[in-house]
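S.K.: This structure is in structure tokens; I'll ask about it shortly.
The values are calculated or read from the model by the stated rules, or taken from the named source; none is laboratory data. Just so it is clear, the model here is predicted, and its values are computed rather than measured. Neighbour counts are summed over all protein chains in view; Cβ atoms, including those assigned to glycine, are modelled from backbone coordinates with ideal geometry. Side chains are part of the model used for accessible areas, which takes the heavy atoms of the whole protein and leaves out ligands, DNA and RNA. Shrake-Rupley method; radii C 1.70, N 1.55, O 1.52, S 1.80 Å.
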Amino acid sequence: MPDPDDYDAGPFVPEAADLAALREAAAGCAGCPLFREATQTVFGSGTPTARLMLVGEQPGDQEDRQGEPFVGPAGGVLTRAIAEAGIDPAQTYVTNAVKHFKFERPAGGKRRIHKAPNLREISACKPWLTSELHLVAPEVVVALGATAGKSLLGSSFRVSQQRGVPLTLPSPDEDEATLVATIHPSAVLRAGDQARKDAYAGLVSDLKVAARLLR
């Protein structure tokens, strides 16, 4: 049995699997220590042949409880932004760079506070994301936030410098996808009133870039 402290989900990823088999296998992933505290693995969801894949950071509290990506408050923001950008939800697949919820609890408290994954955890979970990309084969990938961008483009990625600009996503397959980076929808929720409007407008604007690439 692979050791979680090896930080490698690769041994848990089945070969020649479809998305359904991949999701089933991911439920038993112990490729890094994050599985120990999380309720369950949260795998990707959406159209298996989607033209657009949206990659977030990791599951939040609600996602961890329900077992589906982007079903919490940030998911509500993303759903609204996708609609305003003119993207057909039926042509999307949503997932996260890290499949288990990483959190901490304040001393004596019950609330689970989101904690960003580190590079080792991002790297450990990359085999799942790589398999999803291979099977879905999207034309365009949207990286939602820094963690997704680092998983897809490497540790030097910076949202502030590379957002909203079409980039080539490196791929071992012949057909390379185009990547568009933007902020994570949770950044909209964390912003103040006026800043929130600007952050949301920026998210929609970046998603419109992705939408134009699909035409």
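S.K.: Considering each residue of segment 172-190, count those that are more than 16 Å from Leu214 (Cβ to Cβ) and surrounded by 15 or more Cβ atoms within 10 Å (Cβ to Cβ), and give that number.
M.R.: 8
S.K.: Name the residue that is most open to solvent (accessible area, probe 1.4 Å), counting only residues in segment 51-101 that are in a helix (DSSP H, G or I) and of a type in the set (S, T, N, Q).
M.R.: Gln66
S.K.: Pick from segment 150-163 the residues that are touching a residue at least 12 places away in the same chain (Cβ under 8 Å) and surrounded by fewer than 17 Cβ atoms within 10 Å (Cβ to Cβ): which of them is farthest from Arg23 (Cα to Cα)?
M.R.: Arg158
S.K.: Quick one: would you say Thr147 is surrounded by 13 or more Cβ atoms within 10 Å (Cβ to Cβ), free of Cβ contacts under 8 Å to residues at least 12 places away in the same chain and closer than 26 Å to Phe12 by Cα?
M.R.: no
S.K.: Now a separate question. Just to be sure I understand the filter: pairs with C-beta atoms under 6 Å, separated by 6 or more residues or on different chains, first member in segment 36-56 and without any contact (Cβ under 8 Å) to a residue 60 or more places away in the chain, second member open to solvent by 70 Å² or more (accessible area, probe 1.4 Å) and not in a strand (DSSP E or B). Which pairs pass?
M.R.: Thr41/Ala27
S.K.: Quick one: what pairs do we get from segment 183-196, first residue of a type outside the set (A, V, I, L, M, F, W, C), second surrounded by 15 or more Cβ atoms within 10 Å (Cβ to Cβ) and at pLDDT 95 or above, C-beta under 6 Å, 6+ apart or different chains?
M.R.: Sorted first by the residue in segment 183-196, then by its partner, the pairs are His184/Glu57; His184/Leu144; His184/Gly145; Pro185/Ala74; Pro185/Val77; Pro185/Leu78; Ser186/Ala74; Arg196/Val188.
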